[in-house]
Amino acid sequence: MALPSSVRLVEVGPRDGLQNEQAFVPTHLKLAFIKRLVEAGCANIEAASFVSPRWVPQMADHREIMQGVERRPGVVYSALTPNLKGLEAAIECDVDEVAVFGAASEAFSHKNINCSIAESLERFEQVVEHARQAGLRVRGYISCVLGCPYEGEIAPLQVARVAKALYQMGCYEVSLGDTIGTGTPSKAKHMLAAVAAQVPINNLAAHCHDTYGQALANLYAMLEEGLSVIDSSVAGLGGCPYAKGASGNVASEDVVYMLEGLGIESGIDLNALARTGDWITKVINVPNRSRAGSALMVAGG
């Protein structure tokens, strides 16, 4: 299959990238971060998570974030809403799109959201139904599609079953997450083939972590199969608190650099994105894990 002519990037830095930072990032910095991402051309931004501050203290200002972002035509701000209470709060804040998050691993599901896969899907049905009644699109996330820190290998057919359930209940898109970054290109292709047999490829996205340095290779392998939506995080921010040693998401700058080299449109200004990654990592004092972003800043990008 030919590579796609364009790819839609979902920038998850403001939520997935920041949620595990120990020191609270002030609301005004989060809003400035989001504004810079928009100015760099990011049109799909995961901005907040409507979860209990007891579980994710970094996301305690979700209302202030969603009410404070600058609304622009064509820019979609999404938020995670794990339950009806979170969804109702998100609706009050005029969120553009919401997301539910499950797992392909029973052990991970219990560790992450304290219930079985079947129980999680039952919960999500209510959230998806209410969201759609409110006129909101719903995205579904699946963790551990290429490996689990507790169960090890995950069968592609198991991933496909969860993806099919999310799609059939009304999720317009299902994001396939290599949460601990253990996937390799061959495994990624086999997993995607199993899922695409149940869910149209145009309704799938990839969410890769770079723990073993395989994220870009895995993404390229899935692009070859027709996938055209990628989740990424500027400067490679993020990680997984439930997966020991799991490093951050694939860096948005690295993805855009690869796409440009392949002649694939993303609509994002790479130099502006690199400056944003450089800025946010300096203000919150964390390493910049983007190879392309760091190189561009050295080169005067």
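The values are calculated or read from the model by the stated rules, or taken from the named source; none is laboratory data. Here the structure is a predicted model, which means the values were calculated and not measured. Virtual Cβ from ideal backbone geometry, glycine too; neighbours counted across all protein chains shown. Heavy atoms of the whole protein, side chains included, go into the accessibility calculation; ligands, DNA and RNA do not. Shrake-Rupley method; radii C 1.70, N 1.55, O 1.52, S 1.80 Å.
Details
- Simple spin-label estimate for ALA295 and ILE264 gives 1.8 nm between the two label positions (7 Å along the Cα-to-Cβ direction from each Cα).
- Computed about its Cα centre, the charge dipole of region 1-90 is approximately 120 debye, with only Lys, Arg, Asp and Glu carrying charge at their Cβ.
- Label-point separation in nm, ARG63 to HIS28, each point 7 Å along Cα→Cβ: 2.1 nm
- Share, in percent, of DSSP beta bridges within the chain that are antiparallel, nearest 5: 5 percent
- Note on ALA107 and ARG8: with the Förster distance fixed at 45 Å, the Cβ-Cβ geometry gives a FRET efficiency of about 0.90.
- Lys-Lys pairs in the chain that are eight or more residues apart or on separate chains and whose Cα atoms lie under 19 Å of each other come to 4.
- For region 78-91, backbone phi angles converted through the Karplus equation (6.51, -1.76, 1.60; θ = phi - 60°) give residue-by-residue couplings of 10, 8, 6, 9, x, 8, 5, 4, x, 5, 4, 5, 5, 4 Hz, Gly and Pro being listed as x.
- Cβ-based net charge around ASP16, under 10 Å, with every Lys or Arg adding one and every Asp or Glu removing one: -2
- With each label modelled as a point 7 angstrom along the Cα→C-beta vector, the LYS282-HIS190 pair spans 4.6 nm.
- Nonpolar atom fraction for the chain, defined as the carbon and sulfur part of the 1.4 Å probe accessible area, stands at 50 percent.
- Taken about its Cα centre, region 186-301 carries a charge dipole of about 420 debye when Lys and Arg each add +1 at the Cβ and Asp and Glu each add -1 at the Cβ.
- An ellipsoid equivalent to region 1-73, defined through the eigenvalues of its Cα gyration tensor, has semi-axes of 25, 15, 10 Å when rounded to whole angstrom and sorted largest first.
- Ordering VAL100, SER5, ALA196 by the projection of their Cα atoms onto the charge dipole of the chain, which places +1 on the Cβ of Lys and Arg and -1 on the Cβ of Asp and Glu, puts VAL100 at the extreme positive end.
- For the pair SER116 and ASN83, the difference between a 0.36 nm per residue extended length and the Cα-Cα distance amounts to 10.4 nm.
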